[in-house]
Amino acid sequence: MNLKEQIPSLLKAITDLPLTEALAFIAQAFPGKVAFSTALGQEDQVITHAIFTNKLPIRIFSLDTGRLFPETYELWAETEQKYQSKIAAYYPKAEAVEELVSQNGINGFYDSVENRKACCHVRKVQPLGRALENVDVWVTGLRSGQSVNRSAFNLLEWDEAFQVIKFNPIINWSFDEMLAYLKENEVPYNKLHDQGFVSIGCAPCTRAIEPGEEPRAGRWWWEQTQKECGLHANYFNK
């Protein structure tokens, strides 16, 4: 049975399990083949806490685009210190970044949607491809409430672009449930969240949101797009 065909039975087994138990089940079912991608957002910190605290055999990695906020790097270090565990870093290829900047300019992503997606592809999508090599299950911190776009995501799904099972363990959590978990477990979080930043990505491409705006409105705010970078290519164009 190939990976994709295993999704229905896996879904039946984990649908009613709490977060930690669901993660442990998947880790046991695919030993050494499960990886969690964290962008160090609030959702991601929930999952990081569950993995590190319970010493689950799930590799945690992050994509360092080279354009992150200082506060994000501070949280990265604080998280590693608290849990005495390392988050693996994946960087864009230097040659690819040099070519991108040579063609489009250092801040060329402001000039067009195509330029912005090209930047995301070099700095995020390509490194993710390397991070997911030899991985069967990709764990994410996606929540359906993050945006209208993401309401279509499921607990388990097949990612055609990377040929892996995508596991979204807190997809059905509410924003309040997530905050309660962080508070109860004293999980470190990005201080930018206290300044109106909800979804935090690269510094040049993220702003605080205004009252009434959806959580991802602060990402690429100058665009009228689906507010995605191409990592979740099942639903969105790169």
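Looking at segment 105-217, the accessible area is 44 square angstrom per residue; that uses a 1.4 Å probe and ignores ligands, DNA and RNA. The Cα atoms of segment 9-120 cover 48, 35, 23 Å along the three principal axes, with the biggest extent listed first.
Segment 31-83 has equivalent-ellipsoid semi-axes of 20, 13, 9 Å, by the square roots of 5 times the alpha carbon gyration tensor eigenvalues, sorted largest first.
Starting from the Cα-Cα distance between LEU17 and ASN172, subtract it from 0.36 nm times their residue separation and give me the gain in nm to one decimal.
Numbers: separation 155, 0.36 × 155 = 55.80 nm, distance 1.26 nm.
So the extension gain works out to 54.5 nm.
Just how large is the dipole of the chain about the Cα centre, in debye to the nearest 20, putting +1 at every Lys and Arg Cβ and -1 at every Asp and Glu Cβ?
Dipole about the Cα centre, nearest 20: 360 debye.
Sorted largest first, the principal axis extents computed over the alpha-carbon atoms of segment 82-215 equal 47, 39, 35 Å. Looking at ALA89, TYR110, PRO70, which one has the Cα that reaches farthest to the positive end of the dipole of segment 52-124 (charges on Cβ: Lys, Arg +1; Asp, Glu -1)? Checked the options; the winner is ALA89. Quick check: at a probe of 1.4 Å, how many percent of the accessible area of segment 23-150 sits on carbon and sulfur atoms? So the carbon and sulfur contribution to the accessible surface is 50 percent.
Shown here for segment 156-193: GluC sites (Glu not before Pro) in loop regions (DSSP other than H, G, I, E, B) with at most 15 other Cβ atoms within 10 Å, namely GLU160, GLU186.
Each of GLU95 and ASN154 was given a label point 7 Å from its Cα along the Cα-to-Cβ line. The distance between the two points is 4.0 nm.
Of LYS82/LYS183; LYS33/LYS55; LYS93/LYS166, which sit over 21 Å apart, Cα to Cα?
Details: LYS82/LYS183 15 Å; LYS33/LYS55 15 Å; LYS93/LYS166 25 Å.
The pairs that break the limit, which is 21 Å between Cα atoms, are LYS93/LYS166.
The values are calculated or read from the model by the stated rules, or taken from the named source; none is laboratory data. If you're wondering where the values come from, they're calculated on a predicted model, not measured in any experiment. Cβ atoms come from the backbone with ideal geometry, glycine included; neighbour counts cover every protein chain shown. Side chains are part of the model used for accessible areas, which takes the heavy atoms of the whole protein and leaves out ligands, DNA and RNA. Shrake-Rupley method; radii C 1.70, N 1.55, O 1.52, S 1.80 Å.
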